[in-house]
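These notes concern the structure reproduced below.
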Amino acid sequence: MRLESDPSTFFEEFYPHVLRFLASASGAPAADVDDLVQETLLHAWRSRDQFRGDASLVSWILAIAKNRLRMRRRSERARAALEAALRAIEREEIPDHVVRSDEAIGAVRRALHALEPDPRDLLLRRYYQGLPVRDIAAALGESEKAVESRLHRAREALRALLDKGGDDEL
């Protein structure tokens, strides 16, 4: 197979190789494996000019597949850590392993940056500065109930941004 061929020929030739590899290496459901195969082949096709010929074309594509699988697993671990963090935030307790996860920290920073200023300020006051709701309410001249309600909406907005993030993108 030459890399100058059309995309459909490229996909047809390498789809079975990548499918077998990812199905056995991932243990994921068929739909997830198929998504990974598509991502792999699309990435390989788009970056085909980077193929140097040091290994066979199949080996190069399977290395891409391995990397995509590694990225997917890292994303799933980060998402699980973030879910644990969000559940802990709702209970107002955050386990050390969640707080110290570099992936979780980066994702939360990006999500906070993407929030509107008011919800971000509330979350930072409550969880970064550790202020009690009554102190936040007093500083803002609002009732504690109003601040609790706004904090709830801010956490929901943060959760939505974190859910949307996937593969380190927000």
Rotationally averaged projected area of segment 101-165 (alpha carbon convex hull; nm²)
4.2 nm²
Taking every eigenvalue of the Cα gyration tensor of segment 7-74, multiplying by 5 and rooting it, what semi-axes result, largest first, whole Å?
19, 13, 10
Residue span Glu76 to Ser149: 0.36 nm per residue of separation minus Cα-Cα distance leaves a gain in nm of 23.3 nm
Efficiency by 1/(1 + (r/R0)^6): what FRET value for Ala63 and Glu156, r their Cβ-Cβ distance, R0 = 30 Å, to the nearest 0.05?
0.15
Order of Tyr15, Tyr128 from fewest to most other C-beta atoms within 10 Å?
Tyr128, Tyr15
How do Thr9, Thr40 line up, fewest other C-beta atoms within 10 Å first?
Thr9, Thr40
Summing +1 for each Lys or Arg and -1 for each Asp or Glu, what net charge is found among the other residues whose Cβ lies under 15 Å from the Cβ of Glu142?
+1
Compute the distance in nm between two label points, each set 7 Å from the Cα along the Cα-to-Cβ direction, one at Ser24 and one at Asp54.
2.5 nm
So for His17, His113, fewest C-beta neighbours within 10 Å to most, what's the order?
His113, His17
Would you work out the relative contact order for segment 101-165, in percent, from Cα pairs under 8 angstrom that are 6 or more residues apart?
41 percent
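Values in this text are rule-based calculations from the coordinates and carry no lab data. These figures come from a predicted structure and were not determined experimentally. Note: ideal-geometry Cβ built from the backbone for every residue, glycine included; neighbour counts use all protein chains shown.
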